[in-house]
Amino acid sequence: MTKIRRARLRETGLAEDLAIEELEESGPPLEGEQVETEVEACGVCYRDTIDREGGFPFIRLPITPGHEVVGHVAAIGPDVADWKPGDRIATLHCDFCGSCARCHEGEESMCTGTGAMPGLLIDGGYATRMRAPQRGFFRVPEYLPPALAAVMHCTFGTAYRGLQRCGGVGSESHVLVTGANGGVGVAAIQVAKRLGARVSAVIRDERHEAFLQELGADVIIVDPGDGFHKKLKEEKADVVLDCVGPPPSTPPCDPSGPEATWW
């Protein structure tokens with residue numbers, strides 16, 4: 001018998017503490033394509049804060065948070081074909097059906113046929129074990145440290161999708177990353193450099209300069225406000241990955257109107 005420890009979100013709102021529970025076992029016998037993973041590590045993402053605040057009205061409570069999970073397969077359901085006990089796997093944001101229009105387009109992350117989202121619709125990785133459908137995981141090599149492997153799909157995946165799949169970044173590209181010292185920004189610098197791009201990183205505090213230089217940023221622009229575009233001088237950015245967004249007080253802007261400004 002395996003004892004399980006897990007954190008539980010019982011009510012939304014940051015004033016509510018997570019409850020710690022101890023169970024004698026992880027649940028009923030696995031069914032269908034369910035996979036049970038022994039958790040090595042679980043990332044703490046900004047989306048976790050949004051989840052706890054109640055930013056997603058469809059969240060199922062009570063629930064175990066955490067969607068950045070890596071671990072080894074502990075047990076499988078009778079219909080699982082993709083994994084076997086001992087495999088090292090990490091979570092996707094959601095599973096996918098493989099048959100809807102978006103899946104056929106290669107956009108499995110936008111699948112309309114499933115909905116097993118860790119931390120929102122199924123229990124996530126703030127636990128010693130978690131369960132999800134077999135298509136909710138991807139394989140992770142053993143050499144990756146747990147803390148890095150856990151965030152590959154979310155933090156690094158977000159950066160890669162924005163830069164390569166959406167931006168088409170290549171060896172001749174100049175990439176500008178705002179909020180470059182944040183999670184996605186740090187990932188974006190490393191991904192862009194490995195794609196062969198030149199990277200300009202925008203930060204608000206000069207204390208982060210040395211760290212970003214170690215990651216490979218070619219140019220670091222320190223700007224506490226919104227004037228960083230003036231410091232680019234004559235060097236045009238081919239792709240901008242904005243990891244900050246507009247201030248909360250910024251009113252909606254019609255991009256075709258006279259008040260719109262494009263940098």
Subset of segment 10-34 [closer than 23 Å to residue 72 by Cα and free of Cβ contacts under 8 Å to residues at least 40 places away in the same chain]: 20, 21, 22, 23, 24, 25, 28, 29
Contacts under 6 angstrom Cβ, first residue in segment 195-219 being farther than 21 Å from residue 164 by Cβ and open to solvent by 40 Å² or more (accessible area, probe 1.4 Å), partner at pLDDT below 95 and assigned to a loop (DSSP other than H, G, I, E, B), 6 or more apart: 204/224; 208/181
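Mind listing just one residue for me: the one in segment 1-60 that is β-branched (Val, Ile, Thr) and assigned to a strand (DSSP E or B) and, of those, nearest to the chain's Cα centre (by Cα)?
Among residues in segment 1-60 that are β-branched (Val, Ile, Thr) and assigned to a strand (DSSP E or B), the one nearest to the chain's Cα centre (by Cα) is 39.
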Test: residue 115 is farther than 20 Å from residue 63 by Cα, at pLDDT below 90 and over 13 Å from the mean Cα position of the chain (by Cα): no
Residue in segment 108-126 that is of a type in the set (D, E, K, R) and more than 21 Å from residue 29 (Cβ to Cβ) present: yes
Helices (runs of 4 or more DSSP H) fully within segment 125-222 counting 1 or more residues that are in contact with a Pro (Cβ under 9 Å, 6 or more places away or on another chain): 146-150
Within segment 123-166, tally of residues that are under 26 Å from residue 195 (Cβ atoms), hydrophobic (A, V, I, L, M, F, W, C) and open to solvent by less than 50 Å² (accessible area, probe 1.4 Å): 10
First in segment 135-160 and under 15 Å from residue 47 (Cα atoms) and of a type outside the set (S, T, N, Q), second anywhere and surrounded by fewer than 20 Cβ atoms within 10 Å (Cβ to Cβ) and modelled with pLDDT of 95 or more, Cβ under 6 Å, 6 or more apart: 150/41
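The values are calculated or read from the model by the stated rules, or taken from the named source; none is laboratory data. Quantities reported herein were computed from a predicted structural model and do not represent experimental measurements. Neighbour counts are summed over all protein chains in view; Cβ atoms, including those assigned to glycine, are modelled from backbone coordinates with ideal geometry. Heads up: the accessible areas ignore ligands, DNA and RNA and are worked out on the full protein's heavy atoms, side chains in. Shrake-Rupley method; radii C 1.70, N 1.55, O 1.52, S 1.80 Å.
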